[in-house]
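Here is the structure we will look at.
What follows draws every value from the coordinates through simple rules; no lab data is involved. Remember, it's a predicted structure, so these values are computed and weren't measured experimentally. Virtual Cβ from ideal backbone geometry, glycine too; neighbours counted across all protein chains shown.
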Amino acid sequence: MTLTRRMFTLGAIALPGCTTIDALNEAASPRDTYALQPVDIASQGARSSRSLLVLEPTAPAAIATDRILIRNDPLSVTYLPDARWADTLPQMLETLLVQSLASSGRIGFVGPQGSGPVPDTVLLTRIDAFGVDRQADDRFQVQIACELTLLRDRDQRVLGTQRFAQSGILADDRADTIVRGFQTLLDTLLLQSADWVLARAV
């Protein structure tokens, strides 16, 4: 069954004929849960004693959720009806960044907000895109775009800002295919972003 026949719209609660009970039943329906994986960064260069704090990324409301975003057009917001992320997208990406950066072994401490020592540097992330767009030819394109900013904690000086983006065409519109598509893009994006952060934070 294709996505076009089984979409769940964000505005369904407000549509005529939909009741609060219908909405609650939809919210309570079981969904397959997916978790994306970090990448292993090869350790190259000396280990630093510096500490890096990774703040939870910011994102538009439409993607700051545990639902998997699908767009039929630029003005519509829909989600896969039977699938969800294991965490909200900002929390999941925060964890992926922490684990990927820590795997390099080049920073003394890498952690999320509220953990570890006073940081030397702070990583800010803004998620601009994380979803699937239906193309004019009825193919589906998965895309991720985010902007990273690295700050020196003691004086809040910006050490650099860089945008990272990846996209690709999916073989079909099944949930597992979509998730694998996201993972493929993240494998590249996490490596690129980690190299950029390490070059400035170590």
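Indicate the helices, whole DSSP H runs only, in the chain that combine a mean Kyte-Doolittle hydropathy of -1.0 or more with a Cα extent along their long axis of 18 angstrom or more.
Working: long enough: 89-102 (19 Å, 0.95); 175-201 (37 Å, 0.56).
Span-like helices, by this rule, are 89-102, 175-201.
Using a cut-off of 9 Å between beta-carbons, work out the net charge of the residues near Pro112 (Lys and Arg +1, Asp and Glu -1, Pro112 not included).
Working: positive: none; negative: Glu56, Glu94.
Charge balance in the 9 Å sphere: -2.
With +1 assigned to the C-beta of every Lys and Arg and -1 to the C-beta of every Asp and Glu, and no other charges, what is the dipole magnitude of region 22-129 about the Cα centre in debye, to the nearest 20?
On the way: 8 positive and 12 negative charges, 100 e Å.
It comes to approximately 480 debye.
Say the dipole of the chain comes from +1 at the beta carbon of Lys and Arg and -1 at that of Asp and Glu; which of Ala46, Val110, Gln166 then lies farthest toward its positive end?
Comparing the listed Cα positions along the dipole, Ala46 ranks first.
Report the net charge of residues surrounding Arg84, where surrounding means a beta-carbon distance below 12 angstrom and charges are Lys +1, Arg +1, Asp -1, Glu -1. Provide the component values of the computation, followed by the final result.
Working: positive: Arg31, Arg67; negative: Asp32, Asp66, Asp82, Asp87.
Taking every Cβ under 12 Å from that of Arg84, the sum is -2.
Treating the chain as a set of equal point scatterers at the Cα positions, no solvent, please give the Debye-formula log₁₀ I(q)/I(0) at q = 0.11 Å⁻¹.
Here log10 of I(q) over I(0) equals -0.56.
Would you mind giving the average projected area, over all directions, of the Cα convex hull of region 97-202 in nm² with one decimal?
Working: hull surface 30.2 nm².
If I average the Cα hull's projected area over directions, I get 7.6 nm².
Between Asp128 and residues 5 or more places away or on another chain, which pairs have amide H atoms under 5 Å apart, with H built 1.01 Å from N, and which residues are they?
Sorted by chain and number, the residues that satisfy this are Ala145, Cys146, Glu147.
Just to be sure I understand: with springs between alpha-carbon atoms less than 10 Å apart, which residue in Ser100, Ser167, Ser76 has the highest mean-square fluctuation in the Gaussian network model of the chain?
Maximum fluctuation in the GNM of the chain, among the listed residues, is at Ser76.
Local charge sum around Ser49 (other residues, Cβ-Cβ under 14 Å, Lys/Arg +1, Asp/Glu -1)? Numbers along the way, then the final one.
On the way: positive: Arg47, Arg50, Arg106; negative: Asp120.
Local net charge: +2.
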